[in-house]
Amino acid sequence: MAGILLFGAGKSATSLIRYLIAAAGPRGWQLTVADSNLSLVQSKIGGAANARAASLSVEEESERDRLVGTADVVISLLPPSLHHLVARSCLRAGKHLLTASYTDDSIRAMKPDIDRSGKLFLCEMGLDPGIDHMSALHFIDKVRRLGEAIVSFHSHTGGLIAPESDDNPWHYKISWNPRNVVRAGASGARFRADGRVVERSYAELFEQTGRINLKETGPLAWYPNRDSLPYMALYSLEGVETFIRTTLRYPVFCKGWAPIVRAGLTDDVQPLKDAGGSVFAPRALTIAHWSAPLLPYVDEHNRKLYEYLGLFSPAPVPANARTSADVLQFLLETRLKMRPRDRDMIVMQHEIGCSSGASYKSTLVVKGEDSLDTAMARTVGLPLGIAAKLLLDGKLSLTGLQIPVSPELYVPVLKELELQGIGFEEEGPVG
């Protein structure tokens, strides 16, 4: 009996677990879902006969190794900093590993061992990164088959709140890992624009944004996402004049977030301190005192945003807060929380410009059903589930450290995603 082991039962796991249970049943596969929160796992697997719950702290090496040894394919939806622990267990046991996270230095350091293992270690198999790679490559191939020479490429992705559930001045609610929202953009960005390499600092990202316009949303702002340059070769677009991968938000979000970054309120390293530099005991520090560095940036245009988040509250900061990022995360989770019947929305758009003057667009819009069955969970989780099914069905021959840029992988995955209601609308030439 083939086995699938999933580490992590959080926000992005709901749709994945449902998909794997449905796929595993007729095939006689066993699904194990492991998380430190056993009751959370039990609530997500329900009474499925082919699924079981396991309680695990992933740092417990012996128990982690034991669970990995029972599986054929391992999927990690843990925080990215913990993937390397699961990867080492998979290497020791000779198991396939799938993640939705970027390929970081700790995983790249294992590449020689991974490549020798004969197993597939597939990273960046979620939404962004993931669906963005696969759909972009598929779209680029289509445009090239028309005989076009590509000179510019933009790829935009955003996890947003659906218009019918948009009821706050930020036009945003938390539909994924809140820590990632707090720290988004912290590494700055690099991209190519008009033939030159451009670098943007953390704060500059939110101050120098671009725009797209969709009929479903109206104007959206985009800011560059991490380092776009390595993907030029992966997409076979080394010679293009412009290549940018971006994150989408409503414009007001970026305008309000830029001062928060400038004021240092997203810092996740330095301990909380008072104006004189002394480290505070959390109960001695109010939220208003903590947010005081923001005051020079407050004006009539952004005040209501900060008031809505409670940034000027006289309440003490949370007792467990140790850094500014902890306090800000608490406020986001409290003030920008999705209500049970709220619907989130995923927007992705690829824009291709050609030397002929023609331009082409490929657009994805997916809405969730409610705060549990979210579009974010579907688009992050389903690519992983589909890849696991392809592996166990013997339809993938890829091995070694990979991201989803091979037609062997992305063609069947995109086809299955479309059957699951995750499909793109293409238009062009539009120039």
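Between LYS304 and ARG92, what is the FRET efficiency for a Förster distance of 51 Å, r being their Cβ-Cβ separation, to the nearest 0.05? The pair LYS304/ARG92 has a calculated efficiency of 0.40.
Of all DSSP bridge pairs formed entirely within the chain, close to 55 percent run antiparallel. Build a GNM of the chain with springs between Cα atoms under 10 Å apart, and of GLY400, GLY239, GLY94 the one that fluctuates most is GLY239. Ranked for footprinting exposure by Cβ neighbours inside 10 Å, fewest first, ILE17, ILE75 give ILE17, ILE75. Under the convention that each Lys and Arg Cβ holds +1 and each Asp and Glu Cβ holds -1, the size of the dipole of the chain around its Cα centre is about 480 debye. Computed from backbone phi, the HN-Hα couplings of the range 189-204 come to 7, 9, 7, 10, 9, 6, x, 10, 7, 10, 10, 10, 6, 3, 5, 5 Hz, rounded to whole numbers (Karplus: 6.51 cos²θ - 1.76 cosθ + 1.60, θ = phi - 60°; Gly and Pro given as x).
Between THR334 and ARG190, the FRET efficiency estimated from the beta carbon spacing at R0 = 35 angstrom works out to 0.55. Among bridges DSSP assigns within the range 137-286, what percent are antiparallel (round to 5)? In the range 137-286, approximately 70 percent of DSSP beta bridges are antiparallel ones. Stretched out straight at 0.36 nm per residue, the stretch from ARG341 to GLN208 would grow longer than its current Cα-Cα span by 44.5 nm. Across HIS138, HIS301, HIS350, mean-square fluctuation computed from a Gaussian network of the chain (C-alpha pairs under 10 Å connected) peaks at HIS301. Per DSSP H run of n ≥ 4, the term is -39500 (n - 2.57); total these for the chain, divide by its residue number, and report the mean residue ellipticity at 222 nm rounded to 500 deg cm²/dmol. The helix-only estimate for the chain comes to -10000 deg cm²/dmol at 222 nm.
Computed from backbone phi, the HN-Hα couplings of the range 351-359 come to 10, 10, x, 10, 5, 6, x, 6, 9 Hz, rounded to whole numbers (Karplus: 6.51 cos²θ - 1.76 cosθ + 1.60, θ = phi - 60°; Gly and Pro given as x). Net length available on complete extension from ALA22 to LEU229 is 70.7 nm, with 0.36 nm assigned per residue and the Cα-Cα distance removed.
Placing +1 on the Cβ of every Lys and Arg and -1 on the Cβ of every Asp and Glu, with no other charges, gives the range 1-136 a dipole of roughly 420 debye about its Cα centre.
Computed from the C-beta positions of ASN320 and ARG144 and an R0 of 45 Å, the FRET efficiency is 0.30 to the nearest 0.05.
Among the chymotrypsin sites (Phe, Trp or Tyr not before Pro) in the range 1-100, none is located in a DSSP loop while being surrounded by at most 12 other Cβ atoms within 10 Å of its own Cβ. For the range 350-402 versus the range 1-76, the spacing of their alpha-carbon centroids is 22 Å.
In the chain, Cα pairs under 8 Å separated by at least six residues give a relative contact order of 20 percent. Classify the chain as rounded, prolate or oblate, taking a ≥ b ≥ c as the square roots of the eigenvalues of its Cα gyration tensor: rounded when a/c is under 1.5, otherwise prolate if a/b is larger than b/c and oblate if not. Here the chain falls in the oblate category.
Applying a DSSP loop filter and a limit of 15 other Cβ atoms within 10 Å to the GluC sites (Glu not before Pro) in the range 327-431 leaves GLU369.
With θ taken as phi - 60° and the Karplus curve 6.51 cos²θ - 1.76 cosθ + 1.60 applied, the whole-hertz 3J(HN,Hα) list for the range 392-404 is 6, 7, x, 9, 10, 10, 4, 9, x, 7, 9, 10, x Hz, x standing for glycine and proline. In the range 389-423, which trypsin sites (Lys or Arg not before Pro) are in a loop and have at most 16 other Cβ atoms within 10 Å, using DSSP for the loop call? The qualifying sites are LYS395. GNM remark for the chain: springs join alpha carbons under 10 Å apart, and the peak mean-square fluctuation among LYS255, LYS367, LYS304 falls on LYS304.
Every number in this text was worked out from the coordinates using simple rules, so none of it is lab data. What you are looking at is a predicted structure, and each value in this text was computed from that prediction instead of being measured. When we count neighbours, we look across all protein chains shown, and the Cβ atoms used for this are built from the backbone with ideal geometry, even at glycine.
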